[in-house]
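K.L.:
I have a structure I would like to understand better, so I am pasting it below and will then ask my questions one at a time.
The values are calculated or read from the model by the stated rules, or taken from the named source; none is laboratory data. What you are looking at is a predicted structure, and each value in this text was computed from that prediction instead of being measured. For neighbour counting, all protein chains shown are included, and Cβ atoms are generated from backbone atoms with ideal geometry for every residue, glycine included.
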Amino acid sequence: MGGARASGIESRISKMRGSVRTKGFTLVEVLLVVIILGILASMAIPTFVGRSEEARIGAAKSDIEANISTALDLFEADTGGYPTTEQGLQALIERPGGVVNWRGPYFKKAALPKDPWGRLYMYAFPGEHNPASYDLWSVGKDGADGSGDDVTNWETEEGIGQ
């Protein structure tokens, strides 16, 4: 009698095991999700990479047209002229010799600003492209002066960063 009863319990347990599905994902489901995520990433990543370079160009343009230009204009208002090419942008943070009425530093930080690629901005006075004023530019991503990716204060909107 004990043997018949034990076999009845075992058959009930085996029926319950067969009807109850364990919780979790199958390998096929996991692989399907990974494939879908890979497809989405392959479409989205190139878009974001291009945007980050556009953001760097925009930041360099902002520095050139607003931040550094404002500091140069303040220097000019105080001293009566822009720093010479030899004095460079360093004249905005340290008083150059022989300059009177210097009220700098003209940047909040006592260091020269760097472009978004980690290089110092270039400066010339009088400018080759702006003879009545100054030339101010970043050599851009490639670090080569005069190449197509330079960000400058003398080119039109369409020519910047091209």
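K.L.:
Could you please give the count of residues in region 74-92 that are within 30 Å of S52 (Cα to Cα) and crowded, with 16+ Cβ neighbours inside 10 Å? Before you say what the answer is, go through the steps one by one.
P.N.:
Step one: of region 74-92, the residues within 30 Å of S52 (Cα to Cα) are 88-90, 92.
From the residues that got through so far, the ones that are crowded, with 16+ Cβ neighbours inside 10 Å too are 88-89, 92.
Of the residues in that region, 3 qualify.
K.L.:
Filter region 60-73 for residues that are among the hydrophobic types (A, V, I, L, M, F, W, C) and surrounded by 15 or more Cβ atoms within 10 Å (Cβ to Cβ) and give the result. Working first, answer last.
P.N.:
Going residue by residue through region 60-73, those that are among the hydrophobic types (A, V, I, L, M, F, W, C) are 60, 64, 66, 68, 71-72.
Across region 60-73, the qualifying residues are A60, I64, I68, A71, L72.
K.L.:
Please verify whether A71 is in contact with a helix residue (DSSP H, G or I) (Cβ under 7 Å, 6 or more places away or on another chain), part of a helix (DSSP H, G or I), under 30 Å from E128 (Cα atoms) and modelled with pLDDT of 90 or more, treating the condition exactly as stated.
P.N.:
On the way: in contact with a helix residue (DSSP H, G or I) (Cβ under 7 Å, 6 or more places away or on another chain): yes; part of a helix (DSSP H, G or I): yes; under 30 Å from E128 (Cα atoms): yes; modelled with pLDDT of 90 or more: yes.
The answer is yes for A71.
K.L.:
In addition: When you scan region 121-146, how many residues do you find that are in a loop (DSSP other than H, G, I, E, B), buried (at least 18 other Cβ atoms within 10 Å of the Cβ) and touching a Pro at 6+ places or on another chain (Cβ under 8 Å)? Before the answer, list the steps.
P.N.:
If we filter region 121-146 for residues that are in a loop (DSSP other than H, G, I, E, B), which is where we start, we get 121, 125-134, 139-146.
From what is left, the residues that are buried (at least 18 other Cβ atoms within 10 Å of the Cβ) are 121, 125, 127, 134, 139-141.
Applying the additional criterion that residues be touching a Pro at 6+ places or on another chain (Cβ under 8 Å) yields 121, 125, 134.
Residues meeting the conditions: 3.
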